[in-house]
Amino acid sequence: MATNDPLARLAAAGDTAAFGVLVRLHQGRLRGFLLRLTKGDAAQADDLAQETFLEAFRKVAQCEGSFFGWLCAIAWSRFLMEARKRKPEPLDEAQEVPDDVPEPENASLAKLDLEKAFALLPPAQRAALTLCFALGFSHDEAAAALNMPLGTVKSHLSRGREKVAALLAPWRRIGVS
Amino acid sequence: MTQFDELLSAPLPAVADNGFSVQVMRRIALEKLRRQGALAAVVVLCLAPALFVFPWHEIGMTLGTLLPHIAGSLAVQLAVAVVVLTLLGERAYSKL
């Protein structure tokens, strides 16, 4: 099955300008995704995004389905390789939710706390939640991008959602504006 | 959709390009150049041994005997004359 993206098809035929358009179109979302995976480390996220685009350029002829989904799959595998090199962060085990979740002072800080809550999740849960909620992937698309069985993705989603809910419980009590 | 789901579904923070795309395309251009350089190096490496076994001497000898015949042929002399006259005519015309 070839890609359904006409620009990716042009790029696969050797059109570098078409690939340039793809980079401009998708860089924002890809860097946002990587920024969340790297817990806000912009330098690391940008390095990973550059490597992702370079690998995508080399292998664009192998792209199948949605170009952005395929790009996220490359980014995720690059992130995993980098994470294994850097430090032994558990990739899919649950981390403890701290008991001392602070009471919110101001509802406008909800998104900031959401990012903090995401940073406490294991990468697989962070990735699954980001793909399915913020980036609008279906469960099947997320499973393909993360190279995981559908059931595993669903379980990451459910566990991650529960954990974020627990971390944001104070917000939910006062209602998030 | 609950308020919590809405919060989770909020778009990711916008990341400005700030020259990122240009940087990526620059690296891609460099990579293409490197790839072409590597291809050229492979071609040269493959051809280099052939240059050593190429019959240069025989070719030189053959050309040495053939060239006077070619130069003496009427057809070749006419063709050269046409080319020279065309070039001279073009130069004269461009000065007008």
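What to note about this one:
- Taking A:ASP113, A:ASP47 and counting other C-beta atoms within 10 Å, the order from fewest to most: A:ASP47, A:ASP113
- Residue mean of other protein chain beta carbons inside 10 Å, A:18-28: 4
- In terms of surrounding Cβ atoms within a 10 Å radius of their Cβ, A:LEU35, B:LEU88 rank from fewest to most as B:LEU88, A:LEU35.
- In terms of surrounding Cβ atoms within a 10 Å radius of their Cβ, A:HIS156, A:HIS26 rank from fewest to most as A:HIS26, A:HIS156.
- A dipole drawn for the stretch B:1-83 from +1 and -1 charges on Cβ atoms has a positive end, and of B:TRP56, B:PRO68, B:SER21 the residue lying farthest that way is B:PRO68.
- Rg to Rh, two decimals, where chain B supplies the alpha carbon set and Rh follows Kirkwood: 1.48
- Distance between modelled label sites at B:ALA10 and B:ALA40, nm, 7 Å Cα→Cβ extension: 5.3 nm
- Above-threshold pairs, the threshold being 19 Å between Cα atoms, out of A:LYS116/A:LYS154; A:LYS85/A:LYS116; A:LYS116/A:LYS163; A:LYS59/B:LYS32: A:LYS116/A:LYS154; A:LYS85/A:LYS116
A short reminder: the numbers here are calculations on the coordinates, not readings from a lab. Remember, predicted model here, so these are calculated numbers, not experimental data. Counting neighbours? That spans all protein chains shown, and the Cβs are built from the backbone with ideal geometry, glycine included.
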